[in-house]
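Down below is the structure, laid out as structure tokens.
Rule-based calculations on the coordinates, nothing more; no lab input. None of the values given here were measured: they were computed from a predicted structure. We place every Cβ from the backbone using ideal geometry, glycine too, and count neighbours over all the protein chains shown.
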């Protein structure tokens, strides 16, 4: 009887460990980096690390939260949500403390929408500046005619 209890406990331990180890954050970062077509050297500069360190990050199963936050901001992706979506969090009824930073669009569609809005504002500014240039040129022509 004790043998079966020990086997059940061992199974539960292995099972819970495999759930928490199921996320290989380095692989997720690597996938996202390649999906966004960002060169490793550029990414390394943005996180203030060498290329070798970036390749080391790709091999890591876990990562420092400050570095993960920085990587998430650069890639515009909330890597922490990957962990909060785990079954054991939902099963245990753990409350999420996730606060979305409205300054950073995390999804592709949100990022695209923000870029489209910025593009429209810039186009309006260019049109406005062209009008100003035209008015200044007219004023310059009038001033040269009077002389």
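How far apart, in nm, are the 7 Å Cα→Cβ label points at residue 128 and residue 46?
Inter-label distance under the simple model: 2.9 nm.
Using a Förster distance of 41 angstrom, determine the FRET efficiency expected from the C-beta separation of residue 110 and residue 22, and round it to 0.05. Please list the in-between numbers first.
Details: r = 27 Å, r/R0 = 0.67.
Once the sixth-power term is evaluated, E becomes 0.90.
Note down, for region 107-147, the three equivalent ellipsoid semi-axes (square root of 5 times each alpha carbon gyration tensor eigenvalue), biggest first, whole angstrom. Present the calculation step by step, with values, prior to reporting the outcome.
Details: eigenvalues 315, 3, 3 Å².
Over the Cα atoms of region 107-147, the semi-axes work out to 40, 4, 4 Å.
Working out 0.36 nm times the residue gap between residue 82 and residue 119, then minus their Cα-Cα distance, what length gain in nm do you get to one decimal? Walk me through the numbers on the way to the answer.
Working: separation 37, 0.36 × 37 = 13.32 nm, distance 3.14 nm.
So the chain would gain 10.2 nm between residue 82 and residue 119.
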